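Contents: one structure, followed by commentary.
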Amino acid sequence: MTVEPTITCPACATTIKLTDGLAAPLIAATRKEFEARLAAQTTASAKREAELAAQQADLARARDGLQAQIAAQVDAARAQALTDARTQARAEAAATLSAKTTELADLQTRLADNTAKLAAAQAAQAEALRLQRDLADQKRQLDLTIEQRVLAENDKVRAAARAEAETALGMKVQERDLQIATMTRTIDELKRKSEQGSQQAQGEVLELALEDTLRSRFPHDSIEPVAKGQSGADALQRVTSPTGLSCGSILWETKRTKAWSDGWLTKLRADQREARADTAILVTTALPRDMDSFGQIDGIWVTAPKYMIPLALTLRAALIDLALARGSIAGQQTKTEMLYGYLTGPRFRHRVQAIVEKWEALQEDLNKERKFLLKQWAKRDAEIQGAIAATVGIYGDVQGIAGQVMPDIEGLEAPQLPGAEA
């Protein structure tokens, strides 16, 4: 079966049968038209593609320019921000360093003031020590002079008083022994009775027993008790010779306790100076560790109750003998001898003791003050060292950030090692 060729019109979609005579020219013409249209469409497509490529090239160039512009702006902003940050950091570092420098200068000024005060205190201490040493030397020289004069005068006094004293003392020995035994029994009895009451009552009993014993034993003497509530010792015995001559005074203090206290001696010395007594006796039931009967400690006579009468008899006899010896040379004294009598008397000794005690108290206060100043100086030195270390640390941190633009500060720069190049 033969198929007839056909062609479809693109405009009206009509199918036309072609005969052999018409098919070849029509096909050639249609082909030519289609090829023309295809060439035109190809040319248009190439043109559009060229325009599109040009647009793409323009877009690429615009994008590259915009990116370069943005990068330049970012670099400029970054450089400006870095410059501003460095400027602000330098300003803050300079302000902080200036404040720390001012604080360091203030601390150094305070250190200089404290050093000057410490030097003044040390000079004052040295002067006090020198004065104390001079006073001690003068006291030793005075003691030596007094001892030499006493030794020189003792023979004369003994020779003048021995004849009179030996007669009186020889008759009194037996009487003393009898009275000592009687008073010892009385004191023991009073001691047993006093142990039954309170400590205060026992002390009052001992004081009353002392007064009664002194009045009964020494009827010529004046026994003056100290009123309750008043400062001072317990009783003052004013010694009077059988002829009515005032020979001096003895200050009495009683203690009935279980333990010894060195503070009793200091108080009794002060009471003795105030009463201007020639000698002082402390009667105590608690004796010092190295004493078992009686003895003298720092110018104060310390005795157990049972030995107080023998001690009082001895000291009273010595005061009477000394007063008689002084009376025998009365009217013959020159100013030098009067001065010697004052220097060897109890009033001068009491005054010297008072001065020495005050100097010792001043020395103790000075030692406390020196310890306090040394402690304060060490504390402030540690604070200054800490402030310097903190300032150096801040300077190092700022210099590490700022670099070489940071100016050097005198006193904070690193020391140059010996032999290093400048």
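The values are calculated or read from the model by the stated rules, or taken from the named source; none is laboratory data. The model shown is predicted, which means the values in this text are computed figures rather than measured ones. Reconstructed Cβ throughout: ideal geometry from the backbone, glycine too, with neighbour counts over all protein chains shown.
Checking each residue in region 250-277 for being buried (at least 21 other Cβ atoms within 10 Å of the Cβ) and either over 23 Å from ALA317 (Cα atoms) or acidic (Asp, Glu) (or both) picks out GLU253, ARG256. Checking each residue of region 216-233 against the condition of being surrounded by 19 or more Cβ atoms within 10 Å (Cβ to Cβ), over 15 Å from THR254 (Cβ atoms), in contact with a strand residue (DSSP E or B) (Cβ under 8 Å, 6 or more places away or on another chain) and modelled with pLDDT of 70 or more gives at least one match. The single condition from (1) over 40 Å from the mean Cα position of the chain (by Cα); (2) on the phi > 0 side of the Ramachandran plot that CYS247 fails is (2).
Scanning region 79-138 for residues that are over 30 Å from ASP365 (Cβ atoms) and of a type in the set (S, T, N, Q) gives GLN80, THR83, THR87, GLN88, THR96, SER98, THR101, THR102, GLN108. Restricting ASP84, ASP106 to those that are under 24 Å from GLY393 (Cα atoms) and surrounded by 10 or more Cβ atoms within 10 Å (Cβ to Cβ) reduces the list to ASP106. Selection over region 65-106 of residues that are hydrophobic (A, V, I, L, M, F, W, C), closer than 30 Å to ILE384 by Cα and either more than 28 Å from the chain's Cα centre (by Cα) or modelled with pLDDT under 85 (or both) gives a count of 7.
Which fully enclosed strands (runs of 3 or more DSSP E) of region 254-321 have 2 or more residues being under 43 Å from the mean Cα position of the chain (by Cα) and hydrophobic (A, V, I, L, M, F, W, C)? Don't jump to the end; show me each part of the working.
Numbers: elements: 279-284, 294-297, 300-303.
The strands (runs of 3 or more DSSP E) meeting that bar are 279-284, 300-303.
Of everything listed in (1) at pLDDT below 75; (2) farther than 30 Å from LEU214 by Cα; (3) among the polar types (S, T, N, Q), the single unmet condition for ASN154 is (2).
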